[in-house]
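**Q** Right, I'll just put the structure down here and ask away after.
The values are calculated or read from the model by the stated rules, or taken from the named source; none is laboratory data. Everything quoted here is computed from the prediction, not taken from an experiment. Cβ placement follows ideal geometry from the backbone for every residue including glycine, while neighbour counts extend to all protein chains displayed. Accessible surface is based on the protein model in full, side chains and every heavy atom, while ligands, DNA and RNA are left aside. Shrake-Rupley method; radii C 1.70, N 1.55, O 1.52, S 1.80 Å.
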Amino acid sequence: MSAIAVYPGSFDPMTLGHLDIAARAAKMFDEVHILVVHNPGKEPRFSLEQRVAMIQDAVSGVKLPAGAQILVSTLASGLLVDYCRRVGAAALVKGVRTNVDLDYELPMARVNRDLADVESIFIPADPSFGHISSSLVKQVADLGGDVSKYVPASVARALKN
Ligand code: PNS
């Protein structure tokens, strides 16, 4: 039986920090599902389909351990734990940059465990990506800055247009 992890988020857009977490998760799990979730509390810059296309392009350049794979899916509505149940995921994966991230993630991790006994695994962000966020990247790009060292090439292209 293959071990499956779900890595959920808005990914609006994906950063190199996100990509690093997915690649590291793929060293521990046979299948990592990057799940692009519609967050009703946020007005997205990119549609779910655009985000998936950019992530698929980025993931195609990742060197994976033999037998491991990264899939990209969407969750337009419904509970994350229901998706986890559907695909038989053993765990959720989240990247953590700072204690602020941990404060944000812990209640969600506890609720997901309460709801469906789904465990969360926190992967510490690589320090080289610790200051990168989707919102900062969008702001810099909107003001004409170069974000190519923060995001995959597909995202840099989309932000330029
Ligand atoms: O990248 P984000 O926006 O911080 O990710 C938040 C996300 C998508 C992981 C969170 O909003 C989520 O889990 N949404 C799915 C809906 C759900 O299951 N909510 C209840 C459990 S927290």
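**Q** So between residue 106 and residue 82, what do we pick up on full extension, going 0.36 nm a residue minus the alpha carbon distance?
**A** Values: separation 24, 0.36 × 24 = 8.64 nm, distance 1.89 nm.
Answer, rounded to one decimal: 6.7 nm.
**Q** Still on this structure, please answer the following. Nearest 0.05, what FRET efficiency do residue 62 and residue 115 give at R0 = 45 Å with Cβ-Cβ as r? Write down the numbers at each step before the final one.
**A** Values: r = 31 Å, r/R0 = 0.68.
With a Förster radius of 45 Å, E is 0.90.
**Q** Further question on the same structure: Name the lysines eligible as straight-distance cross-link partners of residue 42: C-alpha to C-alpha under 21 Å, and not fewer than 8 places from it in the same chain.
**A** 94, 138
**Q** Report the Rg/Rh value for the stretch 23-112, based on alpha-carbon coordinates and the Kirkwood definition of Rh.
**A** Working: Rg = 13.9 Å, Rh = 14.6 Å.
Using only Cα positions, Rg/Rh for the stretch 23-112 is 0.95.
**Q** On a 0 to 90° scale, report how tilted helix 16-25 is relative to the longest principal axis of the chain, with both axes built from alpha carbons and the result rounded to the nearest 10.
**A** Tilt of helix 16-25: around 20 degrees.
**Q** Order these peptides, 78-91, 17-30, 131-144, by their mean beta-carbon neighbour count within 10 angstrom, highest first. Please report the intermediate quantities before stating the final value.
**A** Details: 78-91: 16.5, 17-30: 20.1, 131-144: 14.7.
For the peptides 78-91, 17-30, 131-144, the packing ranking is 17-30, 78-91, 131-144.
**Q** Using just the Cα positions, wrap the stretch 4-160 in a convex hull and report its mean projected area in square nanometres, one decimal place.
**A** Details: hull surface 35.1 nm².
Average of the hull's projected areas for the stretch 4-160 equals 8.8 nm².
**Q** Another question, if that's okay. Enter the accessible area of residue 54 (Å², nearest 10), with the probe set to 1.4 Å and all protein chains included.
**A** Result for residue 54: roughly 20 Å² accessible.
**Q** Calculate the all-directions average of the projected area of the stretch 31-78's alpha-carbon convex hull, and give it in nm². Provide the component values of the computation, followed by the final result.
**A** Numbers: hull surface 15.2 nm².
With the hull built on Cα positions only, its mean projection is 3.8 nm².
**Q** With a 1.4 Å probe and all protein chains left in place, how much accessible area per residue does the chain have, in Å²? Write down the numbers at each step before the final one.
**A** On the way: 8730 Å² over 161 residues.
I get 54 Å² per residue for the chain.
**Q** Follow-up. Please give the contour-minus-distance gain from residue 74 to residue 99: 0.36 nm per residue of separation, less the Cα-Cα distance, rounded to one decimal in nm. Present the calculation step by step, with values, prior to reporting the outcome.
**A** Values: separation 25, 0.36 × 25 = 9.00 nm, distance 2.75 nm.
Length difference between fully extended and current span is 6.2 nm.
**Q** Each label point is 7 Å from the Cα along the Cα-to-Cβ direction; what then is the distance between the points at residue 39 and residue 2, in nm?
**A** So the two model labels end up 2.8 nm from each other.
**Q** Show me 33-45, 62-74 ranked by packing, highest mean number of other Cβ atoms within 10 Å first.
**A** Values: 33-45: 16.5, 62-74: 13.8.
Highest-to-lowest ranking by the protection proxy: 33-45, 62-74.
**Q** Where nothing but the Cβ of Lys and Arg (+1) and of Asp and Glu (-1) is charged, how large is the charge dipole of the chain around its Cα centre, in debye to the nearest 20?
**A** Working: 16 positive and 17 negative charges, 52 e Å.
Dipole size: approximately 260 debye.
**Q** Roughly to the nearest percent, how much of the accessible area of the chain is carbon and sulfur, given a 1.4 Å probe?
**A** The value for the chain is 54 percent carbon and sulfur by accessible area.
**Q** With the dipole of the stretch 80-134 worked out from charges on the C-beta (+1 for Lys and Arg, -1 for Asp and Glu) around the Cα centre, which of 118, 83, 100 lies farthest toward the positive end?
**A** 83
**Q** Here is a further query. Compute the separation of the alpha-carbon centres of the stretch 6-27 and the stretch 52-66 and state it in Å as a whole number.
**A** The stretch 6-27 and the stretch 52-66 have Cα centres spaced 10 Å from each other.
**Q** For the stretch 80-139, what is the convex hull (Cα atoms) projected area averaged across all directions, in square nanometres? Mind dumping the intermediate values first?
**A** Numbers: hull surface 19.3 nm².
The orientation-averaged projected area of the Cα hull of the stretch 80-139 comes to 4.8 nm².
**Q** Of the options 161, 21, 135, report the single residue whose Cα projects farthest towards the positive end of the charge dipole of the chain (beta-carbon charges: Lys, Arg +1; Asp, Glu -1).
**A** So the residue furthest toward the plus end is 161.
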